[in-house]
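Below is one structure, written out as structure tokens; comments come after it.
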Amino acid sequence: MDILMVAAELGPWVAETDTAGTVAALAKAVRQLGHEVTVAVPRYPGFEEAGLLVARRLTPLPLPGGGEVTVFDGQLPSGVGLVLFDAPVLFERPGVYGEESADYADNARRFGLLGRAAAAFVRQRAQQGKAFDVLHLFDWPGALAALALTGLEGERVPSVLTLTDPRRRPVFPASALAELGIPPELIAGAPSHELDVLALAAAQADTLTAPSPSLGASLGDPAQGGALERTLGELGKSVLGVLGGVDYALYNPATDPLIGSRYDAEEPSNKARDRTLLLRELGLELGLDAPLVAVLAEPGRDARLELALAALPALLRQELVLVLAGPGAHAPGGKLAALRERHADRLAVVDAGDEGFRHRLLAAADILVDPALTDASGRLIMAAQRYGAVPVARATLAARDAIVDCDVALETGTGFLFDDASPKALEGAVARALAAWRSPGWARLRRRVMRLDLGWDRPARRYLAIYRQTLGAAAA
């Protein structure tokens, strides 16, 4: 098969949400299974700043409705093809979607260009006799390609729309119709004052998927009351949930060049050396016989530290060493400063740091607390499991798919879940994890967690089956 993936971001070059890592890992895994894959994204400065080689096409690409866009071609290290649509005025900015929690005011125009350019690229390839078999579109920016294609005669290509993070679904005014590249006939009967891109695209896409089975099931519930859910209910469409994974080329403690000492599930002793290295780096007490608990809030996720900060005094009454890392970790507040001073030997508060620091933190940690109040993919949880940092997480939709809650005897389970978004619930889950660390069954639990199949091969094969089903249904 020949597959085109369309998205707003692509890791590690341009990554603000879990979508970036999902697109990169899935494209690589599908390519390794013997299929042709091309990823189409806007041209951001980050690609060439990181040393990725791309070549400018001599002839611009004509766009539906008029105008043209310059196209750059390249190839990722994985062998995946790369197409970049160049619009410096729109995409040479600090953020992908916006800055300081506010979306850019011209996002309709920005990602409308992505959708129209992707549609034009699909048309061009078909005219050259190299038509794509399947389009895989990610979230509302990628979904605009499906909407733009409906306005092109004869360019019907089966499409899969993945709702990686359906919470990011801006509603645009009807006046943005032309900027978004949406044919007017698609909004017949829709509310005249608003455009919900995902709801419109869900009606056009052949197959809908989500990054976890639980999230997929929840999106099919009309009781949620959103335009997307109502559309799915009216059309009788379901959302297939496919739990992703982590890229073993990036997340593997046996080969990771970003950590001090390598280890694996069968010989984890070097994890203690990674712990010592991180404690020394952060100026924490080296000789404490206590577990290292990491609270990590990653940028681009709904991983806020307020809940962990509220639970901090109670957590520090336990015998542990704690590293609090993430955006907002240094938020002003006398209480936090006092706690840091009082517990300077076993509490470190740091920014999320670069990718290398996050890897060192996972390699050193015995327990990883994921403070996300919502989570669509479970990627951080699975990365922690890969490194033997047993996860503690709120029972979000993705967390329930990624973690089997441990039983008291530690005979089963791969982490610890809590239901309520409250400090008490978080404290209780951490207390369970600490009790497990002190028990004889901890080594067995850690080995079980590290031996989980968390790679992208199985999810990629599931997506290939979805592509084939989509192709078959379209041909019927």
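Tabulated results
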| read-out | value |
| --- | --- |
| Residue satisfying all of: in region 300-316; under 19 Å from ALA365 (Cα atoms) and in a loop (DSSP other than H, G, I, E, B); modelled with the highest pLDDT among these | LEU316 |
| Residues (surrounded by 17 or more Cβ atoms within 10 Å (Cβ to Cβ) and in a helix (DSSP H, G or I)) located in region 339-365 | LEU339, PHE357, ARG358, HIS359, ARG360, LEU361, LEU362, ALA363, ALA364 |
| Tally, over region 25-38, of residues that are surrounded by fewer than 24 Cβ atoms within 10 Å (Cβ to Cβ) and more than 16 Å from ALA465 (Cα to Cα) | 2 |
| Elements of type helices (runs of 4 or more DSSP H) in region 194-299, at least 2 residues being in contact with a Gly (Cβ under 7 Å, 6 or more places away or on another chain) and modelled with pLDDT of 95 or more | 270-282 |
| Matching entry among ALA148, ALA205, ALA217, ALA210 (being farther than 21 Å from LEU243 by Cβ and either buried (at least 21 other Cβ atoms within 10 Å of the Cβ) or of a type in the set (A, V, I, L, M) (or both)) | ALA148 |
| Search result, residues across region 431-447 that are farther than 10 Å from CYS406 by Cβ and buried (at least 16 other Cβ atoms within 10 Å of the Cβ) | LEU434, TRP437, TRP442, ARG446 |
| Hey, ALA188 over 20 Å from GLU36 (Cα atoms), open to solvent by 10 Å² or more (accessible area, probe 1.4 Å), out of contact with any Asp or Glu (no Cβ under 8 Å at 6 or more places or on another chain) and at pLDDT below 85 or not | yes |
| Residue list for region 368-427, restricted to those being part of a helix (DSSP H, G or I), open to solvent by less than 10 Å² (accessible area, probe 1.4 Å), under 25 Å from LEU219 (Cα atoms) and touching a helix residue (DSSP H, G or I) at 6+ places or on another chain (Cβ under 7 Å) | ILE381, MET382, ALA398, ALA399 |
| Close pairs from region 447-476: first more than 22 Å from LEU368 (Cβ to Cβ), partner part of a helix (DSSP H, G or I) and of a type in the set (Gly, Ala, Ser), Cβ under 7 Å, at least 6 apart | ASP457/ALA29; ALA460/ALA29 |
| Pair list, Cβ under 7 Å, 6 or more apart: region 93-121 residue open to solvent by 10 Å² or more (accessible area, probe 1.4 Å), other residue in a helix (DSSP H, G or I) | TYR97/ASN107; TYR104/ARG110; ARG109/LEU90; ARG109/GLU179; LEU113/LEU90; ARG116/ALA148 |
| Test: residue in region 48-68 that is under 21 Å from the mean Cα position of the chain (by Cα) and either of a type in the set (Gly, Ala, Ser) or surrounded by fewer than 18 Cβ atoms within 10 Å (Cβ to Cβ) (or both) | yes |
| Pair list, Cβ < 8 Å and 6+ apart or interchain, from region 45-60 residues that are farther than 9 Å from GLY74 by Cα to residues that are at pLDDT below 95 and of a type in the set (Val, Ile, Thr) | GLY46/VAL14; PHE47/VAL14; PHE47/VAL54; GLU48/VAL54 |
| Subset of region 2-24 [open to solvent by 10 Å² or more (accessible area, probe 1.4 Å) and either on the phi > 0 side of the Ramachandran plot or at pLDDT 95 or above (or both)] | ASP2, ALA24 |
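The values are calculated or read from the model by the stated rules, or taken from the named source; none is laboratory data. Quick caveat, the model's predicted, so the values are computed rather than measured. Positions of Cβ are backbone-derived with ideal geometry, glycine not excepted, and every protein chain shown enters the neighbour counts. Accessible surface is based on the protein model in full, side chains and every heavy atom, while ligands, DNA and RNA are left aside. Shrake-Rupley method; radii C 1.70, N 1.55, O 1.52, S 1.80 Å.
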